[in-house]
């Protein structure tokens, strides 16, 4: 007999089967990772989620050009994705947070340099500010590994 639970219908009265998941954490070396308690990327089975990524170089330099910042975010994210076993072709979603709508074209063009053929679902949002006032863009991505 089917069981109704909170709007979801379970086709049997048996207890749900627990699945074993593999979890891998990827670090980029950002001091925020340990201070704030997060990973640059997390892979669970065939899914990789890359955290909000800012355009920072190892020496704390931030280029003022939004296109260069976007390229830097992509470089950091794609490196993390690669360390988790993924490729750019596996990306299914990106999010771009920008602080000035007039930077949309530059950010979009840099995004297109990587994703014009892959064409993941993408969102660009104008926000009131980011953690560091030098940042004009911050990005996230999600991937489903196919290989």
Extension gain residue 47-residue 146, at 0.36 nm per residue separation less the Cα-Cα distance, in nm? 34.7 nm
Taking the number of other C-beta atoms within 10 Å as the exposure measure, put 102, 27 in order starting with the fewest. 102, 27
Tell me, what is the FRET efficiency for residue 89 and residue 133 to the nearest 0.05, using R0 = 25 angstrom and their Cβ-Cβ distance as r? 0.10
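How do 53, 105 line up, fewest other C-beta atoms within 10 Å first?
Fewest to most other Cβ atoms nearby, the residues stand as 105, 53.
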Using the Kirkwood formula on the Cα atoms of the chain, what hydrodynamic radius do you get, in angstrom to one decimal? 16.9
Can you put 124, 96, 21 in order of Cβ neighbours within 10 angstrom, beginning with the fewest? 21, 124, 96
In nm, to one decimal, how far is the modelled label at residue 38 from the one at residue 123, with both set 7 Å along Cα→Cβ? 1.5
Divide by every residue of the chain the summed helix terms, -39500 (n - 2.57) for each DSSP H run of at least 4, and state the resulting mean residue ellipticity at 222 nm, rounded to the nearest 500 deg cm²/dmol. -7500 deg cm²/dmol
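Just to check, using Stokes-Einstein with a Kirkwood Rh over alpha carbon pairs, what's the diffusion coefficient of the stretch 37-123 at 37 °C and 0.692 mPa s in µm²/s? Display every interim value, and only then the final one.
Values: Rh = 13.6 Å.
In µm²/s, the coefficient rounds to 242.
None of the figures in this text is laboratory data; all of them are computed from the coordinates on show. All values derive from a computational prediction rather than experimental measurement. Positions of Cβ are generated from backbone atoms using ideal geometry, with glycine treated the same way; all protein chains shown enter the neighbour counts.
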